[in-house]
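S.K.: Below: one structure in structure tokens.
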Amino acid sequence: MQINRSDFRFVHRLRVRWAEVDMQQIVFNAHYLMYFDTAISDYWRALALPYQAAMQQLGGDLYVVRAALDFHASARLDDQLEVALQCSRVGRSSIVFRGAIFCADAHLISADIVYVFADPATQTSQPVPAPLRAAMQAYERGEAVWQLQVGDWATLGAAAQALRREVFVREQGVPEHLEWDEADAGALHAVVCNRLGQPVATGRLLAYRPGVVKVGRMAVSRVLRGSGLGRQVLQALEDAARAGGERELLLHAQCSAQAFYARLGFEPEGERFDEAGMAHVAMRKRL
């Protein structure tokens, strides 16, 4: 059966490396399974699901019970490949993926991969949880797999607090007493939650001085960074500032995130400085 790249919504891109080829510079067959496994990891990111946290909440894990490959042509050193995946069926306890690997217009590999949702302690199968089933089916239908809300601390504080504790306190080592301040109560907050209700991105907007508002506490779940969720939060806060007639956005960016903000129109000003033990730079954007 002819398979086309356009048949798939999800595509993971990679380049073939030296360690993956033989003396003829052809990819070792076993590496194709690795390519699909890597793509599956990014599939969960596309669903805004931090895999470990999601499986822990769902009370199970996914195990491969079948992986079948059909070889049509070989990939070679430095080829740029597209690894396409589609969740073709969700059964009672099984999840079936249909996959293909393309190099430009050439269809190289076909795959059928079957996972079973199971109890991690006993590895006995369990029904696929309804929220996971719904998230996967929604993604394949082209529907949104996350929801962004903008509101006050009373409405969104619990979700924002959970994510900020995960990112700033546990991951980055910010002392707990420095993370929480009185400004939260009067700030406008934006929170993105996935289909499991897990908060995965957040930020806040504070009055700074007439015509100027300050973006702060921007956080994205570590395994979902680079998936566009931070951009969605920042855009929501910027839209709120524009609607309020503000003229300028100010933020203190961690230096590691400076390029992210620069791509979204923020310009640095002044020298770098220390904040909560990390290097920061002030950045501004005119609205």
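The values are calculated or read from the model by the stated rules, or taken from the named source; none is laboratory data. Remember, it's a predicted structure, so these values are computed and weren't measured experimentally. Note that each Cβ is placed from the backbone with ideal geometry, even for glycine, and that neighbours are counted across all protein chains shown.
S.K.: Name the residues in region 23-81 that are over 30 Å from Val192 (Cβ atoms), aromatic (Phe, Trp, Tyr), surrounded by fewer than 19 Cβ atoms within 10 Å (Cβ to Cβ) and out of contact with any helix residue (DSSP H, G or I) (no Cβ under 7 Å at 6 or more places or on another chain), would you?
M.R.: Phe71, the sole residue that qualifies.
S.K.: What's the number of the only condition in (1) among the charged types (D, E, K, R); (2) crowded, with 16+ Cβ neighbours inside 10 Å; (3) out of contact with any helix residue (DSSP H, G or I) (no Cβ under 8 Å at 6 or more places or on another chain); (4) in contact (Cβ under 8 Å) with a residue 24 or more places away in the chain that Arg195 fails to meet?
M.R.: That leaves (3) as the condition not met.
S.K.: Also: Please verify whether Glu271 is farther than 30 Å from Ala130 by Cα, surrounded by fewer than 18 Cβ atoms within 10 Å (Cβ to Cβ) and modelled with pLDDT under 95, treating the condition exactly as stated.
M.R.: yes
S.K.: In the set Glu179, Glu171, which member is touching a residue at least 12 places away in the same chain (Cβ under 8 Å) and crowded, with 17+ Cβ neighbours inside 10 Å?
M.R.: That would be Glu179, the only listed residue that is touching a residue at least 12 places away in the same chain (Cβ under 8 Å) and crowded, with 17+ Cβ neighbours inside 10 Å.
S.K.: Could you tell me whether any residue of region 142-152 is under 30 Å from Leu188 (Cα atoms) and more than 22 Å from the chain's Cα centre (by Cα)?
M.R.: Looking for residues that are under 30 Å from Leu188 (Cα atoms) and more than 22 Å from the chain's Cα centre (by Cα), one finds at least one in region 142-152, hence yes.
Listed here are the residues, each with its yes/no results for (1) more than 23 Å from Val65 (Cα to Cα); (2) in a strand (DSSP E or B); (3) among the aliphatic types (A, V, I, L, M).
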| residue | (1), (2), (3) |
| --- | --- |
| His107 | yes, yes, no |
| Tyr115 | no, yes, no |
| Ala121 | no, no, yes |
| Pro127 | no, no, no |
| Leu132 | no, no, yes |
| Ala138 | yes, no, yes |
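S.K.: Of the conditions (1) loosely packed, with under 14 Cβ neighbours inside 10 Å; (2) over 19 Å from the mean Cα position of the chain (by Cα); (3) on the phi < 0 side of the Ramachandran plot, Ala241 satisfies every one except a single condition; which number is it?
M.R.: (1)
S.K.: Please indicate, with yes or no, whether at least one residue in region 110-131 is charged (D, E, K, R), more than 26 Å from Gly142 (Cβ to Cβ), over 23 Å from the mean Cα position of the chain (by Cα) and assigned by TED's automatic domain parsing to the domain that holds Phe10.
M.R.: Yes, region 110-131 has at least one match.
S.K.: Still on this structure, please answer the following. Determine if region 78-91 includes at least one residue that is more than 25 Å from Ala19 (Cα to Cα) and touching a residue at least 60 places away in the same chain (Cβ under 8 Å).
M.R.: The answer is yes; a qualifying residue exists.
S.K.: Out of curiosity, is Val192 over 20 Å from Ser93 (Cα atoms), within 20 Å of the chain's Cα centre (by Cα) and not assigned by TED's automatic domain parsing to the domain that holds Val90?
M.R.: It is true that Val192 is over 20 Å from Ser93 (Cα atoms), within 20 Å of the chain's Cα centre (by Cα) and not assigned by TED's automatic domain parsing to the domain that holds Val90.
S.K.: A further question follows. Out of curiosity, is Val96 part of a strand (DSSP E or B), within 23 Å of the chain's Cα centre (by Cα) and crowded, with 19+ Cβ neighbours inside 10 Å?
M.R.: Against the criterion (part of a strand (DSSP E or B), within 23 Å of the chain's Cα centre (by Cα) and crowded, with 19+ Cβ neighbours inside 10 Å), Val96 does not qualify.
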